[in-house]
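Notes follow the structure.
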Amino acid sequence: MINNLAIIPARGGSKRIPGKNIKPFLGKPIIAYSIEAAINSKLFNEVMVSTDDPEIAEVAVRYGANVPFMRSNKNADDFATLADVINEVTKEYEKINRSFDYACCILPTCPLLIEKHLQEAFTVFVEEKFDSLRPIVKFSYPIQRALAYKEGKVKMIHPEHKRTRSQDLEPTYHDSGQFYWFLFSKGLSGKNKGAIIIPETRVQDIDNEEDWLLAEIKYTYLNAQK
């Protein structure tokens, strides 16, 4: 039987959006959407939140996650990477003789995430035997036509594509910033990395108040279509 762990990293102390990880998003803390997506996917034996903040821990438990240990101060500052946090989590579980086959790091501020994408990604991840897998989204405009802007002037970064037809340019993608499936034994260090493509309507990076508003608009629109 497959044994899976969901890790939701949610430290306190966000500067651009104070209290970001538990700020109300259309009626409930934004982290609740990640917790509920993980639980409703029925993919995980345990859904845990890694945090250094007691208030975040309380909210996480209220919405069905576990907080088996608090994050260390070392991995709660501005310099700790996602890989650092995941490595700490796996080591803490190893200390209590618990191990998993696969794990998925689900970010705490992705309310547009749906269980279907977690499930589809897991299927591809296992069947293709990747070390890790993430959802990606297509750039809405060809990056080969990107412009550099300096002192009021613009110029093409890739002028060789000035006359290339859009349909002849290779599609490019970026990380959706929602979740990462990986082998529990390797963390994010594996080299064989896969991806699934998800629609742009399901993706919204949230770094400032304008991003937050756009995410609420997208969420409201998508749920109105059901």
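Highest GNM mean-square fluctuation among Ala146, Ala215, Ala121, for the chain modelled with Cα contacts below 10 Å: Ala146. The value of relative contact order for the chain, using C-alpha pairs under 8 Å at least six residues apart, is 23 percent. Of all the options Leu183, Leu82, Leu112, the one that moves most in a Gaussian network model of the chain with Cα springs shorter than 10 angstrom is Leu82.
Taking a straight Cα-Cα cut-off under 15 Å and skipping sequence neighbours fewer than 8 places away in the same chain, the aspartates and glutamates within cross-link reach of Lys129 are Asp101, Glu120. Partners of Lys153 within straight-line reach, counting lysines whose Cα lies under 23 Å from its Cα and excluding those fewer than 8 residues away in the same chain: Lys162. Counting only residues at least eight positions apart within a chain, or on another chain, the lysines with an alpha carbon under 18 Å from that of Lys116 are Lys42, Lys218, Lys226.
Using a 10 Å Cβ count of at most 14 others and DSSP loop calls, identify the longest part of the chain lacking such GluC sites (Glu not before Pro). Show your work: numbers first, answer last.
On the way: sites that count: Glu128, Glu151.
The longest such stretch corresponds to 1-127.
No lab work stands behind these numbers, since they all come straight from the coordinates. In this text the structure is predicted, and so the values were computed from the model without any measurement. Ideal geometry is used to build each Cβ from the backbone, glycine not excepted, and the neighbour counts take in all protein chains shown.
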